[in-house]
Amino acid sequence: MNADRPREIGETIAEEIRHRGPMRFDRYMELALYAPGGYYDEQPIGAGPAGDFVTSPHVHPVFAQLVAEAIGGLYEAMARPEPFDLIEVGAGDGTLLRATLPEIADQPARVIVVERSPGARATLATIAGVEVRESLPDASSPALVLAHELLDNLPFRRIVTTSDGARELHVGLEGERFVEVLEPVADIEPAGQGERVVPVGAASFMVEALTGPAPRALLAIDYGSDRGAGGGAHGYAGHRVIEDLLAAPGQTDITAGVDFGFLAETARAAGMQAFPTVSQSAALMANGFEAWLRTELEHQQDQLNSGRGADAVRTWGGRSRASMLVDPAGLGRFRWFVATTPGVAEPEWLASAREPRSATEP
Ligand SMILES: C[S@@+](CC[C@H](N)C(=O)[O-])C[C@H]1O[C@@H](n2cnc3c(N)ncnc32)[C@H](O)[C@@H]1O
């Protein structure tokens, strides 16, 4: 993908460094992913079975069905405002949206999809009844914003602890090569040791999503934790993890676990509320995953009993694929994060998905 483009985006980045000196990592990420020639700039887009990564909506349509349940529960918690915008941001190839739309058909919502990637927008424009935009629309109604695997791709800063204290990772040039440059940092505390990934892009996006006519809510699903990113920055290309994020800008996705604790603090500082995250596994269970599995099992037994062996095998295959969504060692570890304007109640499914908090947690 982007085979003939990296030199272009690399040149854009190099030029800016030549003019202004080393750039902060979030700026590098902004250009490498989203500037013309960047990773998300052209088709085919990275997500989806043919791309560089497969996300939960591609695993089984029951994921979208249960996300739609969660949206319904959140809409109830918002006291069913009308008119109402349902906005999916970073919808990629539209797999989640396509499968969610029939499930939310009874909600009186204007459905808007926001994508930065022109390639993805072209694909999304083929979905009927949906408004496609490049950026969040001016907020004119209460809204529920859905972001699936978006936040980890929004530009982040990287703070490292060195023997000389905290330093911020910048990208500089050595000849034609991009290199890491450490600069002093004053406005962000480092982690105890190693690297701290600070999701500044995700935080600005959240505040923007929650600014406008209330009530508003954001449901974001991503990997990460309530206490730090849970790992360093890395990349993906061709289903493989890439450690060197400077070698081929434009050819590599750049991502890191989301520090939801930082987002929650930012939400509160902006007068909004954020609930602690729950695991995807618990969230899907709370929205009916087990009941769905039971129904599928009954269906499979009926198929076997009526001599439709091939159909029964297909149903079994679907059930086992769907189980990947709640696998505690895989997609089930993802976190579901809800932030809202003040006064929105915690949705029932979120309260029931909440794991018992350990005695050591504050
Ligand atoms: C990792 S993909 C996820 C796609 C899809 N949600 C899925 O789960 O398969 C992230 C998507 O977010 C889009 N994106 C990144 N920043 C965005 C922004 N500020 N506004 C809208 N879309 C954005 C990218 O173009 C990309 O398609």
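The values are calculated or read from the model by the stated rules, or taken from the named source; none is laboratory data. All figures in this text were calculated on a predicted structure; none of them were measured in a lab. Methodologically, a virtual Cβ is constructed for each residue, glycine included, from the backbone with ideal geometry; neighbour enumeration extends over all protein chains shown.
So here's what we get for this one:
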quantity: Extreme residue, nearest to the ligand (Cβ to nearest atom), among residues of the range 91-107 that are touching a strand residue (DSSP E or B) at 6+ places or on another chain (Cβ under 6 Å) and of a type outside the set (D, E, K, R); calculated: GLY92
quantity: Identity of the residue in the range 131-144, of a type in the set (A, V, I, L, M, F, W, C) and at pLDDT 95 or above, that ends up nearest to the ligand (Cβ to nearest atom); calculated: LEU136
quantity: Top-ranked residue in the range 302-330 [being in contact (Cβ under 8 Å) with a residue 60 or more places away in the chain and crowded, with 20+ Cβ neighbours inside 10 Å; ranked as farthest from the chain's Cα centre (by Cα)]; calculated: ALA322
quantity: Members of the range 99-128 that are touching a helix residue (DSSP H, G or I) at 6+ places or on another chain (Cβ under 8 Å) and assigned to a helix (DSSP H, G or I); calculated: ALA99, THR100, GLU103, ILE104, LEU124
quantity: Residue in the range 149-162 that is free of Cβ contacts under 8 Å to residues at least 24 places away in the same chain and out of contact with any strand residue (DSSP E or B) (no Cβ under 9 Å at 6 or more places or on another chain) present; calculated: no
quantity: Residues located in the range 189-211, provided they are among the aliphatic types (A, V, I, L, M) and over 13 Å from ARG24 (Cα atoms); calculated: ALA191, ALA202, ALA203, MET206, VAL207, ALA209, LEU210
quantity: Count of the range 238-281 residues which are within 16 Å of the ligand (Cβ to nearest atom), buried (at least 19 other Cβ atoms within 10 Å of the Cβ) and not in a loop (DSSP other than H, G, I, E, B); calculated: 6
quantity: Yes/no for GLY212 being touching a residue at least 60 places away in the same chain (Cβ under 8 Å), small (Gly, Ala, Ser), in contact with a Phe, Trp or Tyr (Cβ under 9 Å, 6 or more places away or on another chain) and on the phi > 0 side of the Ramachandran plot; calculated: no
quantity: Of all residues making up the range 66-90, the number that are assigned to a helix (DSSP H, G or I) and within 16 Å of the ligand (Cβ to nearest atom); calculated: 5
quantity: From ALA237, ALA270, residue being out of contact with any Cys (no Cβ under 7 Å at 6 or more places or on another chain) and closer than 21 Å to PHE337 by Cα; calculated: ALA270
quantity: Output for the range 215-237, where each listed residue is surrounded by fewer than 17 Cβ atoms within 10 Å (Cβ to Cβ) and farther than 21 Å from VAL278 by Cα; calculated: GLY232, HIS234
quantity: Condition met for ILE127 (within 30 Å of VAL344 (Cα to Cα) and of a type in the set (A, V, I, L, M, F, W, C)); calculated: no
quantity: Residue match in the range 145-164 (condition: within 11 Å of the ligand (Cβ to nearest atom), surrounded by fewer than 16 Cβ atoms within 10 Å (Cβ to Cβ) and assigned by TED's automatic domain parsing to the domain that holds ALA339); calculated: no
quantity: When residues of the range 32-42 are limited to those that are surrounded by fewer than 19 Cβ atoms within 10 Å (Cβ to Cβ) and either modelled with pLDDT of 95 or more or within 11 Å of the ligand (Cβ to nearest atom) (or both), the one nearest to the chain's Cα centre (by Cα); calculated: TYR34
